[in-house]
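Trainee: Before I ask anything, let me first share the structure, which is written out below as structure tokens.
The values are calculated or read from the model by the stated rules, or taken from the named source; none is laboratory data. The shown structure was predicted, so the numbers you read here are calculated from the model rather than taken from an experiment. Counting neighbours? That spans all protein chains shown, and the Cβs are built from the backbone with ideal geometry, glycine included.
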């Protein structure tokens, strides 16, 4: 129904995935605290290892989702249906 640029989709998806992976990090960090016993070097090593796993996953998943959203226009038929209904109402109101 609405035309959205690929740049806007990329910007929104970047922040959505950033928040998603930060949420995952917070959950894992809270649950792993008891294993590390609060030692800073273990915390740093764990966060480096977690980032080494999540950063490539983040980029891969973001690329796949962006490709999917920008190459498939799913709302076209639904948007045209809504536009036709609205235009039909405005034309009936004019007559």
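Yes/no per residue for (1) modelled with pLDDT under 80; (2) under 28 Å from residue 3 (Cβ atoms); (3) touching a strand residue (DSSP E or B) at 6+ places or on another chain (Cβ under 9 Å); (4) assigned to a helix (DSSP H, G or I):
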position	(1), (2), (3), (4)
29	no, no, no, yes
38	yes, no, no, no
52	no, no, no, yes
61	no, yes, no, yes
83	yes, yes, no, yes
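Trainee: I've got another one for you. Scan region 2-32 residue by residue and report those that are surrounded by 13 or more Cβ atoms within 10 Å (Cβ to Cβ) and over 16 Å from residue 66 (Cα atoms).
Mentor: Across region 2-32, the qualifying residues are 21, 24, 25, 28, 29, 32.
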